[in-house]
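Read through the structure below, which is laid out as structure tokens, and then see the notes.
The values are calculated or read from the model by the stated rules, or taken from the named source; none is laboratory data. This is a predicted model, so every value here is computed, not measured. No Cβ is skipped: glycine too gets one built from the backbone with ideal geometry, and neighbour counts run over all protein chains shown.
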Ligand code: NI
């Protein structure tokens, strides 16, 4: 964290109570940390809307490995984007299902495109992309 600045915020009492309840449910022990996380979250969201922003995404996929050629198809797609796919975790969930978590780094538009193509592949039962930025904000 860089240099700290202290700010005063005027806020409606009811709204503040709701905020305190919310952050207590989420396990925050002080408001400052909750405010900082909210601000960082908004900055990540903002970056995500700009196609050229550098982002890191994690893609979670669940698929049935018995679906013919699906495993190969997903692996081929990852090799096509080897310069963006940083890491892959494969878990054999049960007899039929595999879980894969991929870490993809690149411009927002590239990460979204790769994630969409993986998630929309026929046979993938569930897929989600979560995005963050490479830590340029303290
Ligand atoms: Ni598996």
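Give the residue that is farthest from residue 55 (Cα to Cα), with candidates limited to residues of the stretch 94-115 that are surrounded by 13 or more Cβ atoms within 10 Å (Cβ to Cβ) and within 16 Å of the ligand (Cβ to nearest atom).
97
Show me the helices (runs of 4 or more DSSP H) entirely contained within the stretch 1-107 in which 3 or more residues are under 30 Å from residue 125 (Cα atoms).
Numbers: elements: 13-25, 31-49, 70-80.
Hits in the stretch 1-107: 31-49, 70-80.
Cβ-Cβ distance below 7 Å, separation of 6 or more or different chains: which pairs start in the stretch 119-138 with a residue that is assigned by TED's automatic domain parsing to the domain that holds residue 77 and end on one that is modelled with pLDDT of 85 or more and assigned to a loop (DSSP other than H, G, I, E, B)?
What qualifies is 123/67.
Taking residue 81 as the residue in question, decide whether it is within 16 Å of the ligand (Cβ to nearest atom) and over 14 Å from the mean Cα position of the chain (by Cα).
Values: within 16 Å of the ligand (Cβ to nearest atom): no; over 14 Å from the mean Cα position of the chain (by Cα): yes.
In short, no.
What's the number of the condition residue 127 fails, among (1) at pLDDT 95 or above; (2) more than 16 Å from the ligand (Cβ to nearest atom); (3) part of a strand (DSSP E or B)?
So the condition that residue 127 fails would be (2).
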